[in-house]
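The values are calculated or read from the model by the stated rules, or taken from the named source; none is laboratory data. Note that this is a predicted model, so its numbers are computed, not measured. So basically every Cβ, Gly included, is an ideal-geometry build from the backbone, and we count neighbours across all protein chains shown.
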Amino acid sequence: MPKLWTETVEGHRHAVRTAVLDAVAALVAETGFSGVSMTRVAGYAGVTRATLYKYFPDVESLLAAWHERQVREHLAGLEGIGRETAGTGRQLQAVLEAYALMIYDRPGHDTSTPVLHQGSHIDHAHQHLEAFIADLIRADAQEKAADLAMDPTDLARYCIKALSSAGSLSSRGAVSSLVAVTVRGLHT
């Protein structure tokens, strides 16, 4: 079992929460959502069930906290790709490609998925993603001195909706093709 105690109570709480969410991530990757139980998470995290219940009242709250962390990490990853890619057109393409691949690579969904995609963290993340993509679209149009036929926010919504089908595609190549078609659709 890992040693989770740190120098401060706040540090200890953070370490326990991180270990618990890491355990949830490992279980989801290994068994899917249905394999996550309080007992298994406690065992993987190296804490007692009593300690686990101090932090999370049930499996649903564990999954929600894990999902919220995943969403934050995905948004940060997309922003990092945007910062690291040179040229606004390439930034937009790279971010949309990464977003579509996140959807494509997402593990299969089971009955827990609808519960995870509810709540204020999803609404906030969606608004953040929309604004981020709209900014990239706006910057790309300015760099090319092109007029946009629609509001950048509406175009960002188009991109997000179009790429949401990436999870049902047959290959990563098909995902790249979908991104290319979506980007071309911005300029027509």
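Against the list (1) in contact (Cβ under 8 Å) with a residue 12 or more places away in the chain; (2) exposed (fewer than 15 other Cβ atoms within 10 Å of the Cβ); (3) farther than 26 Å from residue 105 by Cα, the condition residue 16 fails is (2). Picking from residues in segment 102-150 that are of a type outside the set (A, V, I, L, M), outside any helix (DSSP H, G or I) and under 19 Å from residue 161 (Cβ atoms), the one that is modelled with the lowest pLDDT is 109.
The rows are residues; the columns are (1) surrounded by fewer than 17 Cβ atoms within 10 Å (Cβ to Cβ); (2) farther than 17 Å from residue 90 by Cα; (3) of a type in the set (A, V, I, L, M, F, W, C).
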position	(1), (2), (3)
124	yes, yes, no
130	no, yes, no
135	no, no, no
168	yes, yes, no
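Assess whether residue 61 counts as being small (Gly, Ala, Ser), in a helix (DSSP H, G or I) and free of Cβ contacts under 8 Å to residues at least 12 places away in the same chain. The answer is yes for residue 61. Looking at 75, 52, 92, just one residue is out of contact with any Phe, Trp or Tyr (no Cβ under 6 Å at 6 or more places or on another chain), modelled with pLDDT of 90 or more, part of a helix (DSSP H, G or I) and in the same structural domain as residue 9 (by TED's automatic domain parsing), and that residue is 52. Every listed requirement among (1) closer than 27 Å to residue 123 by Cα; (2) surrounded by 20 or more Cβ atoms within 10 Å (Cβ to Cβ); (3) among the small types (Gly, Ala, Ser) is met by residue 80 save one, (2). The residues in segment 153-165 that are at pLDDT 95 or above and either out of contact with any Gly (no Cβ under 8 Å at 6 or more places or on another chain) or not in a helix (DSSP H, G or I) (or both) can be counted, and the count is 9.
Among residues of segment 28-48 that are in the same structural domain as residue 66 (by TED's automatic domain parsing) and without any contact (Cβ under 8 Å) to a residue 12 or more places away in the chain, none has a beta-carbon under 9 Å from a residue that is exposed (fewer than 14 other Cβ atoms within 10 Å of the Cβ) and acidic (Asp, Glu) at least six positions away or on a different chain. Taking the conditions exactly as written (within 24 Å of residue 125 (Cβ to Cβ), part of a helix (DSSP H, G or I) and of a type in the set (Gly, Ala, Ser)), does residue 42 satisfy them or not? Here the answer is no, as residue 42 does not meet what is asked. Close contacts from segment 138-157, counting a first residue that is surrounded by 11 or more Cβ atoms within 10 Å (Cβ to Cβ) and a second that is part of a helix (DSSP H, G or I) and of a type in the set (S, T, N, Q), with Cβ to Cβ under 7 Å and a gap of 6+ residues or different chains, come to 139/88; 140/88; 143/88.
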